[in-house]
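Visitor: One structure, pasted below without further comment.
The values are calculated or read from the model by the stated rules, or taken from the named source; none is laboratory data. Treat the numbers as computed from the prediction; the structure is a model and nothing was measured. All Cβ positions, even for glycine, are placed from backbone atoms using ideal geometry, and neighbour counts span all protein chains on display. Side chains included, ligands, DNA and RNA excluded: accessible areas come from the protein's heavy atoms. Shrake-Rupley method; radii C 1.70, N 1.55, O 1.52, S 1.80 Å.
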Amino acid sequence: MAAPLVLVLILAATVRAVLFRSSLAGLIAERVEVVSPLNAWKRVVEGLALLDLGVSPYSGDVFHETPLIIYLFHFVVDYSEFIFMIADAITAVALYLVVQDYNKMMFRKQKHALEADRYPHDVIELIRTPKEMFYIPLKVALFYLLNPFTVLSCVAKSTCGLNNAIIALFMLSTVKGSAFLSAIFLSLATYQSLYPLTLFAPALLFLLQRLYIPVNVRSASFWLFTLQFGVMYLGSLLVITCLSFFLLGSWDYIPSVYGFILSVPDLTPNIGLFWYFFAEMFEHFRLFFLCVFQINVFFYTIPLAVKLKEHPIFLMFMQIAVISIFKSYPTVGDISLYMAFLPMWSHLYRFLRNIFVVSCVLIACSVLFPVLWHLWIYAGSANSNFYYSITLVFNVGQILLVSDYFYAYLRREHHLTHGLYLRKKDGTEATLILK
C-alpha cells in the first residue's frame with residue numbers, strides 16, 4: 001500500500017505547486033470561506049513584520065495566532081509553501097495509519113465475536129471482510145489530500161492546515177496507545193484553537209479501552225488513569241503556555257488569541273453561524289447569546305461520550321465534526337478534516353437515509369458561496385441576508401450529514417446485537433426507532 005500512497009502524495013503536491021504558481025493563489029487567499037481573521041496568512045505576515053520591528057505582534061488588532069506559530073514562521077517564512085504542503089502530507093499519512101490500525105483492531109474484535117458466536121445468524125451481510133477494508137486507509141488519505149477544501153486551504157496558506165496536522169498526530173498517538181504523546185499533541189491542539197479540549201473524552205475512553213480498564217466511576221483504576229492522563233495533558237499545556245511567555249516576554253497573546261476566539265469581536269463574514277447574528281445583536285444581549293453559541297461546541301461532549309463510550313474513534317469523528325460546525329471562526333479547512341473520515345464509515349452506507357440530498361446541498365452551497373458573495377460585495381444586487389442564508393443551509397447540511405452517520409452507526413450496532421430482520425411478537429416485521 002506504500003506505493004499508491006506515495007503516488008497520491010506526489011499528485012497532491014503537484015496540484016498544490018501548480019496552484020501556488022498560478023494567478024489564482026492571491027484570489028484564493030482572500031476568500032472568506034477559506035481564511036478567517038484567526039488563520040489568514042496576510043495577518044501572519046503582518047505579525048512577522050511587527051516582530052521584526054521589535055513591536056509585540058499582539059499590540060494591535062491584526063494578529064491572533066499563537067506565539068509558537070509566529071516564531072516558527074519567523075525562521076521559515078521563505079519556505080512557507082513547503083511547510084503547508086508538508087503539513088498536509090503529515091496529516092494524510094497520519095490519518096492513513098490511524099485508519100489502518102483502527103481497521104486491524106475492528107477486524108480482531110469482529111473475529112473474536114464471531115468465534116464466540118455473539119452475532120445473530122442473519123447479520124452475516126453486515127460483517128466486514130479484509131478485502132473491503134484493505135483500501136479504506138488509502139481512500140481516507142485520498143479524500144483528505146485531493147478534497148478541494150483542503151487544496152484551497154493549503155494554497156491560501158491558512159494555518160488551519162497546521163492545526164489539522166496536530167489533530168491527526170494526536171489521533172495517531174492515541175490509536176498507537178501512547179498516552180504521553182496523545183496528551184502532548186492534544187495540549188498543542190488546544191493551545192492552537194481551544195476547541196480541541198473536547199477531544200479529551202474520546203482519547204481517554206480509547207486509552208482505557210486499550211488497557212482493559214472498565215469505565216466505572218466506582219473503579220479505582222479508572223480514576224487513577226484518568227488522573228494520570230489529565231495531569232499529562234494539563235502539564236503539557238502549562239509547559240507550552242509558559243514557553244510562549246518566555247518567547248514573547250508577556251501574556252499579551254492570551255486575550256489576543258483565546259479572548260478573540262471566545263468573544264468574537266471581528267464579524268468578518270465566514271461560513272460559520274456567529275458573524276451575522278452578532279452583527280444584528282443588541283449589545284445588551286451579546287454576552288448571553290455569546291455563551292449560548294459557544295457552549296454548543298462543549299455541550300454535546302458528555303451525552304455523546306455516554307452514548308459512544310464503547311466506540312471512542314467514532315466519538316472522536318463526531319467531536320471533530322461538531323467543532324468544525326459550531327466554532328466561532330470556521331473555514332473549509334476545518335470541514336475537510338472530518339470529511340476525510342467518511343470512507344472509513346463506508347460500511348454504514350446502507351443505513352444512511354439522506355446522503356444523496358445532503359451531498360447535493362453541500363455541493364450546491366459550495367458553488368453558491370462565491371456567487372452570492374460577488375452579488376453582495378461587487379455587483380450590489382444582493383445583501384448580507386443572501387450570503388448568510390446560504391451559510392445557514394450549508395451548516396444545516398453538515399448537521400444532517402453528521403446526524404445521519406450517527407444514526408447509521410447506532411442502527412448497525414443495534415442490528416449486530418439483535419439481528420438484522422426484527423420481528424414483533426406476532427411475527428410481523430418491526431420498525432426500528434432510535435430514541
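Visitor: Would you mind stating whether Val8 is surrounded by 13 or more Cβ atoms within 10 Å (Cβ to Cβ), within 20 Å of Leu145 (Cβ to Cβ) and of a type outside the set (D, E, K, R)?
Guide: Here the answer is yes, as Val8 does meet what is asked.
Visitor: For region 101-151, which positions are under 30 Å from Ile28 (Cα atoms) and loosely packed, with under 13 Cβ neighbours inside 10 Å?
Guide: Pro148
Visitor: Has region 350-357 got any residue that is open to solvent by less than 50 Å² (accessible area, probe 1.4 Å) and not in a helix (DSSP H, G or I)?
Guide: yes
Visitor: Another question, if that's okay. Return a yes/no flag: does region 34-42 have any residue that is open to solvent by less than 60 Å² (accessible area, probe 1.4 Å), without any contact (Cβ under 8 Å) to a residue 40 or more places away in the chain, under 30 Å from His374 (Cα atoms) and among the polar types (S, T, N, Q).
Guide: No, region 34-42 contains no residue that is open to solvent by less than 60 Å² (accessible area, probe 1.4 Å), without any contact (Cβ under 8 Å) to a residue 40 or more places away in the chain, under 30 Å from His374 (Cα atoms) and among the polar types (S, T, N, Q).
Visitor: Given the residues Tyr144, Tyr119, Tyr135, which is the only one that is more than 27 Å from Tyr421 (Cα to Cα) and at pLDDT below 95?
Guide: Tyr135
Visitor: Any idea how many residues of region 277-298 are open to solvent by 70 Å² or more (accessible area, probe 1.4 Å), under 22 Å from the mean Cα position of the chain (by Cα) and modelled with pLDDT under 90?
Guide: The number of residues fulfilling the criteria is 0.
Visitor: Applying the selection to region 330-346, what residues are over 17 Å from Val393 (Cα atoms) and open to solvent by less than 10 Å² (accessible area, probe 1.4 Å)?
Guide: Across region 330-346, the qualifying residues are Gly333, Ser336, Leu337, Tyr338, Ala340, Phe341, Pro343, Met344, Trp345.
Here's the yes/no breakdown for (1) within 24 Å of Ile90 (Cβ to Cβ); (2) in contact with a Cys (Cβ under 7 Å, 6 or more places away or on another chain); (3) in contact (Cβ under 8 Å) with a residue 60 or more places away in the chain:
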| site | (1), (2), (3) |
| --- | --- |
| Trp345 | yes, no, yes |
| Arg353 | no, no, no |
| Val357 | no, no, no |
| Trp376 | no, no, no |
| Thr391 | no, no, yes |
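Visitor: Answer yes or no as to whether Leu234 is under 24 Å from the mean Cα position of the chain (by Cα), open to solvent by 20 Å² or more (accessible area, probe 1.4 Å) and over 30 Å from Phe386 (Cβ atoms).
Guide: Yes: the conditions hold for Leu234.
Visitor: Have a look at Leu204, Leu197, Leu224, Leu172 and point out the one that is touching a residue at least 12 places away in the same chain (Cβ under 8 Å), of a type in the set (A, V, I, L, M), out of contact with any Asp or Glu (no Cβ under 6 Å at 6 or more places or on another chain) and open to solvent by 40 Å² or more (accessible area, probe 1.4 Å).
Guide: Leu197
Visitor: Quick one: how many residues across region 299-320 are under 16 Å from Met106 (Cα atoms), open to solvent by 20 Å² or more (accessible area, probe 1.4 Å) and within 19 Å of the chain's Cα centre (by Cα)?
Guide: Within region 299-320, residues that are under 16 Å from Met106 (Cα atoms), open to solvent by 20 Å² or more (accessible area, probe 1.4 Å) and within 19 Å of the chain's Cα centre (by Cα) number 1.
Visitor: Can I ask one more? Could you tell me which residue of region 388-425 is farthest from Ala305 (Cα to Cα), considering only residues that are outside any helix (DSSP H, G or I) and either open to solvent by 10 Å² or more (accessible area, probe 1.4 Å) or modelled with pLDDT of 95 or more (or both)?
Guide: Among residues in region 388-425 that are outside any helix (DSSP H, G or I) and either open to solvent by 10 Å² or more (accessible area, probe 1.4 Å) or modelled with pLDDT of 95 or more (or both), the one farthest from Ala305 (Cα to Cα) is Lys425.
Visitor: Can you work out which of the residues in region 122-132 that are in a loop (DSSP other than H, G, I, E, B) and free of Cβ contacts under 8 Å to residues at least 40 places away in the same chain is nearest to His418 (Cα to Cα)?
Guide: Ile127
Visitor: Restricting to helices (runs of 4 or more DSSP H) lying wholly in region 167-269: which have 2 or more residues that are in contact with a His (Cβ under 9 Å, 6 or more places away or on another chain) and more than 26 Å from Met106 (Cα to Cα)?
Guide: 260-263
Visitor: To continue, here is another question. Evaluate region 78-99: report whether one residue or more is within 20 Å of Leu19 (Cα to Cα) and more than 23 Å from the chain's Cα centre (by Cα).
Guide: Within region 78-99, one or more residues are within 20 Å of Leu19 (Cα to Cα) and more than 23 Å from the chain's Cα centre (by Cα).
Visitor: Now, a different point. If we keep just the residues of region 246-276 that are in contact (Cβ under 8 Å) with a residue 12 or more places away in the chain and closer than 22 Å to Phe185 by Cβ, which is surrounded by the most Cβ atoms within 10 Å (Cβ to Cβ)?
Guide: The selected residue is Tyr253.
Visitor: Looking for something open to solvent by 10 Å² or more (accessible area, probe 1.4 Å), assigned to a loop (DSSP other than H, G, I, E, B) and small (Gly, Ala, Ser) - is there at least one such residue anywhere in region 79-100?
Guide: No, because not a single residue in region 79-100 is open to solvent by 10 Å² or more (accessible area, probe 1.4 Å), assigned to a loop (DSSP other than H, G, I, E, B) and small (Gly, Ala, Ser).
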